[in-house]
Amino acid sequence: MAPPRKIDLIGIPLDLGAGRRGVDMGPSALRIAQLGGRLAALGYTVNDRGDLRHPVRETRPTGNARKKYIRDIARVCRQLYRASDAALESGSTPVVLGGDHSVAAGSVAATAAAARRRRRPLGLLWVDAHADMNTPSTSTSGNVHGMPLAALLGPEPAELASIGEVIPAVRPDRVALLGIRSLDAQEKTRVRDSGVHLFTMSDIDRLGLSTITQRALSLIGRGRADLHVSFDLDVCDPAIAPGVGTPVRGGLSYREAHMLMELVADTGRMRALDLVEVNPMLDTHNATAELAVEFALSAFGQRIL
C-alpha cells in the first residue's frame, strides 16, 4: 500500500503538559526549518492548516495538581482529533507539529478512528526517551505530557482517554515503544504489566537499531495494520538534539534516527506522524527543528540515492 501523496501540516503550539516553557514555539521552528517546502520537493502536495487555537498558560488555572491543566489540554486534543480525522478522511497524511507530547492523545485517537473505518488494525510506534505511561496517581510531577500513552491505552487520565470513537484508542499488543531510557519508579510496573512491546536503548545497543525497529514494526504491523508514528525529539541524544524539554543522555544517534524513519517508510503504511517536544528556547540555531525535518523527510521516502 503506497502512502497518500497529500500531507496536512497541523500546528498545535501547546505547552500546558510540559514542565518547561518553550515547546509552544515548536511549530514555528519546524516551519522555519522548511518542513513544508522540503516535503513538497519530494513530490507531495502539502497543505499547511496553520495552528489550532490554544490557551496561554499565564491566563489559565492549573487545576488538579495531579493532572495540571487537564481540561484545557483535553479541549485542544479534541480540536486536534477533529483536524486529523478530517485530513485522514480526505486521503491526506496528517503531520502534527507539537507542542508537548500530550497532543498525541488527540492525533492517535483520530488515526484509530480512521483505521476502524478502513477495517484495519492500528499499530502505534512510540519513539521516545520516556514511556509517557504515568497516570495522575503515579506521576511525581502532574505534568500531562507524561500521560498520553496511558490515556490511549485507557482508562486514565479520563479526560484524554475518552477522546474519539475508538476507546481505548490502541491495544497494548499493537504498541511498540522504542528508544526508552528513562522511566519513573511506579511507571516501570505499569509498563511491565501493560502488555506493550518495549525496546530500550540497551536493546538497541545489543542488537542494533535495524533489528529492533524491524522487530517492532513486525509486531505492531501484522495483519496489514495502519501505522501511526509518534516521534518525540528527546529520543535523540542531546548531543545532536539539544532543543528538547526533557533531555536524557544516551539516545539515538543521527544515523540511527534516520534509519528508523527509513524503515518506517519501507512499510508504506504510515498514516500519521507526530513531531513533538521541540523547544527552541533550549536549542542552538534551530538545530533540533532541522533534525526533526530531516527525520520526517526520511519517513516520507527521502533516500541518500
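Of all residues assigned to the range 241-250, at least one qualifies as being surrounded by fewer than 19 Cβ atoms within 10 Å (Cβ to Cβ), without any contact (Cβ under 8 Å) to a residue 60 or more places away in the chain and out of contact with any Cys (no Cβ under 7 Å at 6 or more places or on another chain). The set of residues in the range 267-305 that are acidic (D, E) and at positive phi contains only E277. Of the residues A216, A161, A150, the single one that is small (G, A, S) and farther than 23 Å from I70 by Cβ is A216. Just wondering, is there one or more residues in the range 83-90 that are under 18 Å from the mean Cα position of the chain (by Cα) and of a type in the set (S, T, N, Q)? Yes: one or more hits.
Bear in mind these aren't lab numbers, they're just calculated from the coordinates by the rules spelled out. Small disclaimer: the values here were computed from a predicted structure and weren't measured. FYI the Cβ positions are ideal-geometry reconstructions off the backbone, even for glycines, and counts take in every protein chain you see.
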